1. Please determine, by comparing only the residues of region 299-352 that are farther than 25 Å from Ser375 by Cβ and of a type in the set (A, V, I, L, M), which one is nearest to the chain's Cα centre (by Cα).
2. If you check Asn216 against the conditions, is it without any contact (Cβ under 8 Å) to a residue 24 or more places away in the chain, over 25 Å from Tyr374 (Cβ atoms) and either in a loop (DSSP other than H, G, I, E, B) or within 26 Å of the chain's Cα centre (by Cα) (or both)?
3. Thr370 fails exactly one of the following numbered conditions: (1) modelled with pLDDT of 95 or more; (2) under 19 Å from the mean Cα position of the chain (by Cα); (3) over 24 Å from Arg283 (Cα atoms); (4) surrounded by fewer than 19 Cβ atoms within 10 Å (Cβ to Cβ). What is the number of that condition?
4. Is it fair to say Val36 is outside any loop (DSSP other than H, G, I, E, B) and either in the same structural domain as Arg379 (by TED's automatic domain parsing) or in contact with an Asp or Glu (Cβ under 8 Å, 6 or more places away or on another chain) (or both)?
5. Taking Phe109, is it at pLDDT 95 or above, in the same structural domain as His358 (by TED's automatic domain parsing) and surrounded by 19 or more Cβ atoms within 10 Å (Cβ to Cβ)?
6. Does Asn89 count as among the polar types (S, T, N, Q), over 18 Å from Gly26 (Cα atoms) and within 15 Å of the ligand (Cβ to nearest atom)?
7. With the condition kept exactly as written, say whether any residue in region 78-91 is at pLDDT below 95, more than 25 Å from the chain's Cα centre (by Cα) and either outside the structural domain of Phe8 (by TED's automatic domain parsing) or farther than 20 Å from Ile233 by Cα (or both).
8. Based on this model, can you work out whether Ala163 counts as modelled with pLDDT of 95 or more, within 30 Å of Val14 (Cβ to Cβ) and open to solvent by less than 40 Å² (accessible area, probe 1.4 Å)?
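The values are calculated or read from the model by the stated rules, or taken from the named source; none is laboratory data. Here the structure is a predicted model, which is why all the values come from computation and not from measurement. Cβ placement follows ideal geometry from the backbone for every residue including glycine, while neighbour counts extend to all protein chains displayed. Keep in mind that these areas ignore ligands, DNA and RNA; they rest on the heavy atoms of the full protein, side chains included. Shrake-Rupley method; radii C 1.70, N 1.55, O 1.52, S 1.80 Å.
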Amino acid sequence: MLHTMRWFGPNDPVSLFDIRQAGCAGVVSALHQLPVGAVWPVADIQARQQLIEVDNTRYAPLHWAVVESLPVHEDIKKGRPTRDAYIQNYQQSLRNLAACGIRTVCYNFMPVLDWSRTDLNYEMPDGSRALRFVWQDFAVFDLCILKRAGAEADYEPAVAAAAREQFASMSTEAIAQLTNTTLLGLPGSEEAFELQNFQGLLNEYATIDAAALTANLHYFIRAVAPVAEEVGIGLCIHPDDPPFPLLGLPRVVSTEADLANLLAACDVRANGITFCTGSLGVRPDNDLAGMITRLGSRIHFVHLRTTKREENPRNFHEADHLAGDVDMYAVMQALVEEELRREAAGEDQPALPMRPDHGHQMLDDLHKKTYPGYSAIGRLKGLAELRGLEYGLRRTLAEAEPPAVAAYAAR
Ligand code: DNO
């Protein structure tokens, strides 16, 4: 696989120097400074490439392998009349990225919020810190802080009652912290949504149910995937995180059926998947290794991470990369098999770009401020473990498949 790490840009406290030493050949980055919906100009893309690929020639090269994300404007998700203009911008950004040599572009279709957690500092038994999602804490936010109309119906009565009791004993500081964590903005931004405006953003989805959101997603992909196909980009949707509806908003990229429907909506290779085991793995009904085997040719990018479900099955925390509920051995085996298949078929870039997704805050990073989930040492540890697993599986599987061994050796 092509080992990569996410780099949020020049303000990221984890440097390109760090990422290189962690063992990466590729970088995953985005132009977070541009407003969502704007065309990404060639000059801005090249400026980022300059930082990653050209400056600092003293050390081993790094390559901007994946854009994560080229974000989708809310008007596209809502199916507003203005969506066509934003879709045209998206198509132009894809053309510009392709002109600069970028071949993999990730996006998501989650309304309003990107990923959601309720705790960014959950203490693990070894003292490191993990990200965690607790359904009851989320209910506290929804029922008692946001006070969303109709929220009551979304929680089991016992959870709602416990949430109210919990809220009554929370300090002002704890309430502020939960509010800020839940409203954290898009990755790469340190700003959170404002509580006052937030209900307004949710209201705009009042008439958009899962079927309508799916139709809007398919409308979008039918317009942009042919352009991606033409310019040689693999577009890859990131699944919902967590993979179930929150705050009354529909979520439509959570299961194998959701993904298969999306792929069928525009049957070109460019219409693909970011296979995020951490997001999909929260649901016990997602058979991850089987999904890779069945959908594999359309996987353009891989996020490897695992979560551990807790006593309430909607609660989870991010576990060590080889622990947790994801069978990483089976996942890695299916991924290596997919790569061997690509090699045997003579594909020009058979290596799947992979990044160790998130990592615990540990060792020296406990004293540093990094983007939640994106500390250097936790990701380095995750990558090291995953690479070891990949190496072992490669050796074993390639021996069983002589043509693929030859293809691999010839790289
Ligand atoms: C979280 C990330 C997501 C992801 C976007 C992709 O750490 O995996 O925020 O980048 O959803 O569009």
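1. Top of the filtered list is Ile299.
2. no
3. With respect to (1) modelled with pLDDT of 95 or more; (2) under 19 Å from the mean Cα position of the chain (by Cα); (3) over 24 Å from Arg283 (Cα atoms); (4) surrounded by fewer than 19 Cβ atoms within 10 Å (Cβ to Cβ), Thr370 is out only on (1).
4. Judged against the criteria, Val36 is not a match.
5. yes
6. no
7. Taking every residue of region 78-91 in turn, none turns out to be at pLDDT below 95, more than 25 Å from the chain's Cα centre (by Cα) and either outside the structural domain of Phe8 (by TED's automatic domain parsing) or farther than 20 Å from Ile233 by Cα (or both).
8. No, not satisfied.
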